[in-house]
Amino acid sequence: MSISNLDKSELKPTALDDWESMLYILCWIGTFGWSSSTRANKTGDSGEPKKLDRWHQGTLKEIADAKRADLDTYKAFRNIALEFNFGLENVDLLFNLVKELRDVLIDKYSGNLGGALKNEDMQLNTKTKKFEAVVHSDPFEERAAKWEELSESLLMVLEDFAQKARERLGK
């Protein structure tokens with residue numbers, strides 16, 4: 001489920017919510033496998049639960065916050081992607097696909113959502129000598145306004161990777 005849906009946002013749902021949900025599903029497959037026969041252990045090498053577990057455990061707000069934190073920057077997202085089960089055949093294609101999808105979904109329009117997802121900063125009011133919230137525009141609202149353009153870019157990424165998969169499979 002997309003962050004906007006988890007947050008019960010008043011924004012009109014767009015195709016971007018579906019793309020975001022697909023990104024989560026692909027991450028799940030890359031981390032835990034297709035079936036019980038390819039299912040990776042649900043804990044990392046240290047025995048700790050995988051970061052992806054935060055995407056389906058807890059309250060809706062906790063899940064939204066976890067997804068937001070993990071998508072916020074490429075570096076944060078990389079930590080999710082690095083938990084992929086690299087023993088799965090062709091998982092490198094999936095790894096690169098989710099990276100590209102995330103780049104378009106998160107970084108293409110908003111530069112990155114690091115800070116933009118946190119649409120409130122603090123600023124010192126020099127007259128009152130107090131910190132006040134400075135509210136910026138809503139990055140999800142800005143992104144939703146460009147949903148058609150972003151969806152076209154996401155579809156091009158998917159088509160590109162479909163071609164790469166066909167080439168690898170010799171079809």
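The values are calculated or read from the model by the stated rules, or taken from the named source; none is laboratory data. Everything numeric here is computed off the predicted structure, so don't read it as measured data. No Cβ is skipped: glycine too gets one built from the backbone with ideal geometry, and neighbour counts run over all protein chains shown. Accessible surface is based on the protein model in full, side chains and every heavy atom, while ligands, DNA and RNA are left aside. Shrake-Rupley method; radii C 1.70, N 1.55, O 1.52, S 1.80 Å.
Before moving on, here are some points about what is shown:
- The residues of the stretch 123-160 that are open to solvent by 60 Å² or more (accessible area, probe 1.4 Å), of a type outside the set (Asp, Glu) and modelled with pLDDT of 90 or more, listed by number, are 155, 156.
- For the stretch 42-65, filtered to residues that are under 18 Å from residue 95 (Cβ atoms) and either modelled with pLDDT of 85 or more or in a loop (DSSP other than H, G, I, E, B) (or both), the residue that is most open to solvent (accessible area, probe 1.4 Å) is 45.
- Cross-chain or 6+ apart pairs with Cβ under 9 Å, the stretch 146-157 first and in a helix (DSSP H, G or I), then crowded, with 19+ Cβ neighbours inside 10 Å and of a type in the set (Ser, Thr, Tyr): 147/14; 148/14; 149/109; 150/14; 150/109; 151/14
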